[in-house]
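Below: one structure, written as structure tokens.
Where a number appears in this text, it was derived from the coordinates with a stated rule and is not lab data. Since this is a predicted model, take the numbers as computed values, not measurements. Positions of Cβ are generated from backbone atoms using ideal geometry, with glycine treated the same way; all protein chains shown enter the neighbour counts.
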Amino acid sequence: MTVLEIVDWDEHFENEETREMDVVPFALMPNKMDGDGYTELMLHDEAARIFGTWLHIVEITGKCIPRGLLLRSGLRPHDVASLARQSRGKKKDFELAIPVLLDLGWLRYNTIEEHEKR
């Protein structure tokens, strides 16, 4: 089963404190605004919409088990409908953002088994 995963979740969105928590009640967010991914995203006509959707994805992923993978209860992968419902966002925003975030290398498809090998 393939599932969306935030690339290098542990490196970018965790710290010593959050690694000890079962569920993270907040989102740690890097503020590197000079990186290739961010500057490339900001050239997109819908940059603000995509970045806002990215923030929703980060917040949702912080509550997933295991963190980093976009999984719902019962190990069911999130899809655009479930992400929109959980964030109270719009499905069309996730439909726009996910391909861009995949191209930027911020998201990728993985399997639970491969994720757990890291």
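For LEU71, enumerate residues with amide H under 5 Å from its amide H, sequence gap 5+ or separate chain, H modeled in the peptide plane. Under 5 Å from the amide H of LEU71: ILE65, HIS78. Peptide packing: for 24-34, 48-58, 67-77, the average count of neighbouring Cβ atoms within 10 Å per residue gives the ranking 48-58, 67-77, 24-34, highest mean first. In this simple spin-label model, placing a label point 7 Å from the Cα along the Cα-to-Cβ direction at both GLU46 and VAL23 gives a separation of 3.1 nm. Counting only residues at least eight positions apart within a chain, or on another chain, the aspartates and glutamates with an alpha carbon under 20 Å from that of LYS92 are GLU5, ASP45, GLU46, GLU59, ASP79, ASP103. Phi angles across the range 65-74 convert, under the Karplus curve 6.51 cos²θ - 1.76 cosθ + 1.60 with θ = phi - 60°, into 3J(HN,Hα) values of 10, x, 5, x, 9, 8, 10, 8, 4, x Hz, Gly and Pro given as x. Couplings for the range 13-27, taken from phi via the Karplus curve 6.51 cos²θ - 1.76 cosθ + 1.60 with θ = phi - 60°, read 10, 10, 9, 4, 5, 5, 5, 8, 8, 6, 10, 8, x, 8, 10 Hz in order; Gly and Pro are left as x.
Can you give me the Rg/Rh ratio for the chain, using Cα atoms for both radii and the Kirkwood formula for Rh? Reported Rg/Rh (Cα atoms, Kirkwood Rh): 0.94.
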